[in-house]
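Asks: Okay, here's the structure, questions in a sec.
The values are calculated or read from the model by the stated rules, or taken from the named source; none is laboratory data. Since the model is a prediction, treat every value here as computed from it, not as a measurement. As a convention, Cβ positions derive from the backbone with ideal geometry for all residues, glycine included, and neighbour counts pool all protein chains shown.
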Amino acid sequence: MNEQGGFTLLELVIAISIFALLGLASWTLFDSVVRVQRGTLSHERELRNLQRAVAVIERDLMHIAQPPVVQDPSQLQLLRGNWRNPLDLPRSERQLLTYRLDNGALWRDSRAEGAQSVQRQKLLDDVREVRWRLYDSQVGWRGDWPSGQSPKAPLAVEMQMSAGRFEAIRRVLLLPGALP
């Protein structure tokens, strides 16, 4: 009687192949989880950048000093008051702001009243389109605002934008005259 105490070659090959299939399935699952995580982080980063740009615009509109002007559908200009002066430099409290689309980027140009230098800040990259409109309580949405002494200021600013993976974004930002 000859008894063997080990595995046959066939049993070893079957065990190794089952282990390899389990490893391959685990690797495929791990790879797909990592890809989804990268896509989610990229989407989150783009959304955060968009929210930051809209927050800057909304903050500027809350301190508006006179009605904004839509110079063309992709450019908005306004005069802002309450400009922070942390260094107590001698300067005006008002700031002329222009939001414009240039080479796929949304820019915020600011110039202190009476100053010659313009500060440029890139708010958002990969912008395909930006359109601005102002809301008049009697006429509705307008692409332009009458110049001169208008009896009423606009109540809201509408911004329509296509940026990054976001095809159509529409934000209506209330102006201080519209707030209760």
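Asks: Does Val70 satisfy the condition of being under 26 Å from Glu158 (Cβ atoms), surrounded by 10 or more Cβ atoms within 10 Å (Cβ to Cβ) and of a type in the set (A, V, I, L, M, F, W, C)?
Replies: When the stated conditions are applied, Val70 passes them.
Asks: For segment 98-180, please list each of the strands (runs of 3 or more DSSP E) lying entirely inside it that holds at least 3 residues being more than 14 Å from Pro68 (Cα to Cα).
Replies: It comes to 105-112, 119-124, 127-136, 156-163, 166-174.
Asks: Okay, moving on. Does Trp83 satisfy being at pLDDT below 85, farther than 19 Å from Ala153 by Cα and surrounded by 16 or more Cβ atoms within 10 Å (Cβ to Cβ)?
Replies: yes
Okay, residues lined up against (1) assigned to a helix (DSSP H, G or I); (2) at positive phi; (3) of a type in the set (Gly, Ala, Ser):
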| site | (1), (2), (3) |
| --- | --- |
| Leu24 | yes, no, no |
| Thr28 | yes, no, no |
| Ser32 | yes, no, yes |
| Glu46 | yes, no, no |
| Leu50 | yes, no, no |
| Ala55 | yes, no, yes |
| Gln77 | no, no, no |
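Asks: Going by the structure shown, is Ala178 surrounded by 12 or more Cβ atoms within 10 Å (Cβ to Cβ) and either under 28 Å from Arg48 (Cβ atoms) or among the acidic types (Asp, Glu) (or both)?
Replies: yes
Asks: Does Ala65 qualify as being of a type in the set (Gly, Ala, Ser) and closer than 30 Å to Trp141 by Cβ?
Replies: yes
Asks: Okay, moving on. Could you please find all residues in segment 103-131 being of a type in the set (Ser, Thr, Tyr) and either surrounded by 14 or more Cβ atoms within 10 Å (Cβ to Cβ) or within 19 Å of Glu158 (Cβ to Cβ) (or both)?
Replies: Passing the criteria: only Ser110.
Asks: List every residue pair whose Cβ atoms lie under 6 Å apart, where the two residues are 6 or more positions apart in sequence or sit on different chains, the first residue falls within segment 34-60 and is under 15 Å from Met161 (Cβ atoms) and surrounded by 10 or more Cβ atoms within 10 Å (Cβ to Cβ), and the second residue, located anywhere, is modelled with pLDDT of 90 or more and basic (Lys, Arg).
Replies: That search, which allows pairs on different chains as well, returns Val54/Arg171.
Asks: Restricting attention to segment 97-123, report how many residues are farther than 15 Å from Glu58 by Cα and hydrophobic (A, V, I, L, M, F, W, C).
Replies: Of the residues in segment 97-123, 5 are farther than 15 Å from Glu58 by Cα and hydrophobic (A, V, I, L, M, F, W, C).
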